[in-house]
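Input: a single structure, listed below in structure tokens.
Since every read-out is calculated from the coordinates, none of them should be taken as a lab result. Small disclaimer: the values here were computed from a predicted structure and weren't measured. Note that we place each Cβ from the backbone using ideal geometry, even for glycine, and neighbour counts take in every protein chain shown.
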């Protein structure tokens, strides 16, 4: 077993590979709380010459002086390795890389024929196994939660003038716990202040932006956004946004390519081909993967299209990362999980049944938020939150974004808790919340609003249709709450 010593003479026993990025490999160690990052050269060999080690270690030392936002989920170096380019970092306990959202031969082999449900029996067995794996790893809902958490971390970095530089599914981690989902970034080697004049940059194959792959620009906010969008689309749909018919069919008739010696997938990664769902150029389309109508809201679809169509050719036209968190969170809040097949989809998709297994849609709690202007509510809700209800006692924490404009750092903070038991419904306001919240049963204009100081208990028989929540302040809102709704 290989052993490595750090600058403080601690000895670390190398275990399995945890993840790989564009610049190195992260190993588990026999210490469950410690991981090791080791840098590799272009040939994939560990860097061990003194000059290169010193140069790399100085780069890591400089990271400590960057203005990291407080309490940000990034695993920073704890100690440098003694005789190899790399460092020791705290291992994210019970967390796994985003790579785990993709199946491989080993994971698919574990899925037996008996594990394939009846609603998938008619398709090829390998395709059915892919969908079973997608469901087993949390489906759409967990992926959206992991992605909006990751985009929030990246947005906080960008707000400090920092560029991450090498976003990939091996450098972003997610909680193994499928209910309390958090995301973390590891491998911050390439973190730096944004510089307009920089040329060249590190990227992981398949995630690099066209300007990085082509070598015409360095790492920037825009390259981060392209890599994040690529990871997000790949994770949601299970297909790469640029691997379409021209690549899969090896269409040699493509003329508008500068480097004819490249193979087709390299041309696609370098941004010479349109993306697979381009709305104007369908020459590289790919309709495989899960149906996009079940995976993407209209706003999310527009983000991907703007990033990969006009943003492919003109990086300045890519949406910034600050758009992604809100739109991914909005999509997450609209998803519901089927009680039978456990797949998730958007609650407002037409039809009475689950679009996957045709089971009856589950009863749910639905909150629709409307803006109030001169005591008149907006025609359409500005936010919708859906939560499937269970047959047993039901409890859910409602986040701040339902009650106020979307704030990057606090949108996920619990505002109220709704608990439904056999006979009563209890609404509790979090102690740390200073907003003025009022509730009313029956008609919004009835004048029956009462302030929610700490908790309110309502008999189920009294909440027959809609409960109204009024939020006072600079941005007044009214939330229509319905429970037990058959979608």
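Across the range 221-343, the fraction of Cα-Cα pairs farther apart than 22 Å, rounded to a whole number, is 37%. How large is log10 of I(q)/I(0) for the range 297-360 at q = 0.13 Å⁻¹ when the intensity is taken from the Debye formula with one equal scatterer per alpha-carbon? Normalising to I(0) and taking log10 leaves -0.48.
Rg/Rh for the range 37-173 to two decimals, with Rh computed the Kirkwood way over all alpha-carbon pairs. Here Rg/Rh amounts to 1.09.
Over the chain, the fraction of Cα-Cα pairs per 20 Å bin, rounded to whole percents and listed from the shortest bin up, is 21, 50, 26, 2. Compute the whole-percent fraction of alpha carbon pairs in the range 112-167 spaced more than 18 Å apart. Percent of Cα pairs beyond 18 Å in the range 112-167: 54. Principal-axis analysis of the Cα atoms of the chain puts helix 139-159 at an angle of about 70° to the longest axis.
Relative to the longest principal axis of the Cα atoms of the chain, helix 221-237 runs at roughly 70 degrees.
Computed from the C-beta positions of residue 393 and residue 302 and an R0 of 51 Å, the FRET efficiency is 0.80 to the nearest 0.05.
Relative to the longest principal axis of the Cα atoms of the chain, the long axis of helix 125-136 lies at roughly 60 degrees. Going from the residue with the fewest nearby Cβ atoms within 10 Å to the one with the most, 120, 236 rank 120, 236. Projected over every direction and averaged, the convex hull enclosing the alpha-carbon atoms of the range 353-469 yields 9.1 nm². Note on the range 3-91: Cα convex hull, mean projected area over all directions, 6.1 nm². Extension gain, residue 317-residue 451: 0.36 nm per intervening residue step, less the Cα-Cα distance, totals 43.6 nm. When each of 322, 370 is scored by the number of other beta-carbon atoms lying within 10 Å, the sequence from fewest to most is 322, 370.
Listed from fewest to most Cβ neighbours within 10 Å, the set 13, 61 follows the order 61, 13.
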